1. Please list, short to long, the whole-number percent of alpha-carbon pairs of the range 305-547 in consecutive 5 angstrom bins beginning at zero.
2. In nm, to one decimal, how far is the Ser43 label point from the Glu539 one, both placed 7 Å along Cα→Cβ?
3. Would you pull out the residues with amide H under 5 Å of Val179's amide H, same chain only if 5 or more places away, H placed 1.01 Å from N?
4. Please work out the ratio of the alpha-carbon Rg of the range 411-475 to 2.2 N^0.38 Å and round it to two decimals.
5. Full extension from Ala385 to Asn14: what is 0.36 nm times the residue separation minus their Cα-Cα distance, to one decimal in nm?
6. Could you give me the ³J(HN,Hα) list for the range 531-545, computed from phi with Karplus coefficients 6.51, -1.76, 1.60 and θ = phi - 60°, whole Hz, x at Gly and Pro?
7. Which length gain, in nm to one decimal place, applies between Lys2 and Gln576 when the Cα-Cα distance is subtracted from 0.36 nm times their residue separation?
8. With θ set to phi - 60° and the Karplus curve 6.51 cos²θ - 1.76 cosθ + 1.60, what are the ³J(HN,Hα) couplings of the range 138-146 in order, to the nearest whole Hz, using x for Gly and Pro?
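Where a number appears in this text, it was derived from the coordinates with a stated rule and is not lab data. Values in this document were obtained by computation on a predicted structure and should not be read as measured data. When we count neighbours, we look across all protein chains shown, and the Cβ atoms used for this are built from the backbone with ideal geometry, even at glycine.
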Amino acid sequence: MKDSQQLLAEYSMNGSDAVFRELVGRYIDFVYSTALRLVGGDSQLAEDVTQTVFINLAKQGRSLSSGVMLGGWLHQHTFHLATKAARGERRRQSREREAVEMNSLHDNSPAQWRTVAPILDEAITQLGQADRTAILLRFFEQRDFRAVAAALGSNEDAARMRVNRALEKLHSMLKQRGVTMSVTALAAALTAQAVNAAPAGLALAAATAALAGAALGTGSTLTVLKIMATAKLQVGLVALVLAGAATTLVIQHRSQDSVREENQALRAQLAQLNADNESLSNRVARAKAVRNPRLPAPAMQPIDPALASPAETIRATNLHAWATNSPPKLTAAQLEPYLKANRRSAASLLAAFRTSGDSSLLEEAMRTFPNDPQVGFEAALRKDASPEDRRQWLDAFKQSAPDNALANFLSAKDHFKAGQTDQAVQDLIAASAKPQFQDYSLDRIQEDEEAYRAAGYSAAEAKVWATAQLLMPHLAQMRGLGQSIIELSKSYQQAGDVASQQAALKLMANLGRRWNDGTPGNMLIGQLVGIRTERTALEAMDPNIPFGSNGQTIQDRINQLTQQRTGIQELGKQAQPLWETMTDQDWLSYHSRSTTFGEEAAMRWLVNKYGKK
């Protein structure tokens, strides 16, 4: 039987569907189990992540070098996608701490495995490459020591020693996070539970969607999602047939004619999807021709820095300023155990920097983790950064977060400030095509809260101070960017280019909607900035032209935004006198709702509970 590296090489050479399906069959349980752990047991989300991983493998597999260890690539890719998918629901550190405090179970109990599962994959990614490879080959790809040795280029005894050392390092990392399993118990748990069987039919669905997605190349996300939905529908239909059949022998002994008919139907389906994609791509291209500003753009004067609000004056909405003075600054002695427990990771260094104000911690993160997107985000927004340094870190941020539109928006603002209008417009166009818009606010609050708790503060104090100290300097950047886009649209108008003027205003309206899109966990100040930005753009357009496809006009949308802003302001007036009446437990509930559902939802809960008394 060919090993995985040979199969990958063969797929790279000829793109064989049969070879790719065999690779999927070998690794489907591995990828699904990793995703399932990372998304907290949400099987549907794990299936979506699994399909996305194999779609990306189908697209990128032919360009992977022969030296790439496929299991390692799949694990890293699954970790990256699954953690992004579960970002809004992450409460791992808090749950882990509570579980450890209550844990009196034996090593091999299911409850103990549930404590390990949410943090296992992150710990594995922090191992060195050789140790990570040994763990993945032995316990996730479930190879014997002879096969591990062959993959590592060593003998069987050396492979056994490598696996044992890697297991001890993994055990040490988990122990620092409160897991009390022994090394032997950890090995047994990994052997028994690291890989679970994926749902029936998922391999077929993933392979079909992946191969179709690769065939479509750079086609639209809408088309890829359509393929995934079609694949899931096929799995659902197969499940119905299985449920209604008198015996599985009917399925096992289907004739070759029936199989050929299924294959022909799938090919016809893919051909139709290809046609749909081509048609959609043509429509998108025609739309872009109208929507995208033409280049080169007209010359503009850089925006006077005095017109923009200083970054440090923009803070997150402080819902509990009455209850606390300025958040305390943690000392090096308070932070050292926290940093050690987290192995001075990028996230822990940034949290230590924010909670202490010690810039040397940020500098350490910049030196050690230059490719981490949150490090790039923090470094690019430093108050004391030179223009050259800021440009370097903005480029690093864009490279480390290729799907995050915020990186391009911040880069566009910097280009406008430098008078580089063409580059700014290119960044705006790139941002409009990106699906994600992430300012890491929830991650920063959660990580800072952990730092305060590790320093000995109560859960309530940690939650209050982590939110109260949240600085959002990028909001000032976005307000300045909106002003630059308005000036750009005026330049187009003066040049007689009405189409580009309207396109610039639409880009600005899109920027505002990104801040005010109803994403759970949105900060109120971000929503208000988004409302103001979108409304400013729309007010510069003809109020009678259509907005969207539901019969609305631009003026209708302006009225909606005005009503939304008024509603938020009125809600704030109702909530403000109620904060003093809240119990400690309600403070905790308030903050949990705020980070999970957003500040507006938390305030509505507060008004409904206390305002009617």
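1. 1, 6, 13, 17, 18, 15, 12, 8, 5, 3, 2, 1, 0
2. 5.3 nm
3. none
4. My calculation over the Cα atoms of the range 411-475 gives 1.63.
5. 128.6 nm
6. 4, 4, 5, 5, 5, 4, 5, 5, 5, 8, 9, 5, x, 9, 6
7. The Lys2-Gln576 span can extend by a further 199.9 nm.
8. 6, 9, 9, 7, 6, 8, 6, 5, 5
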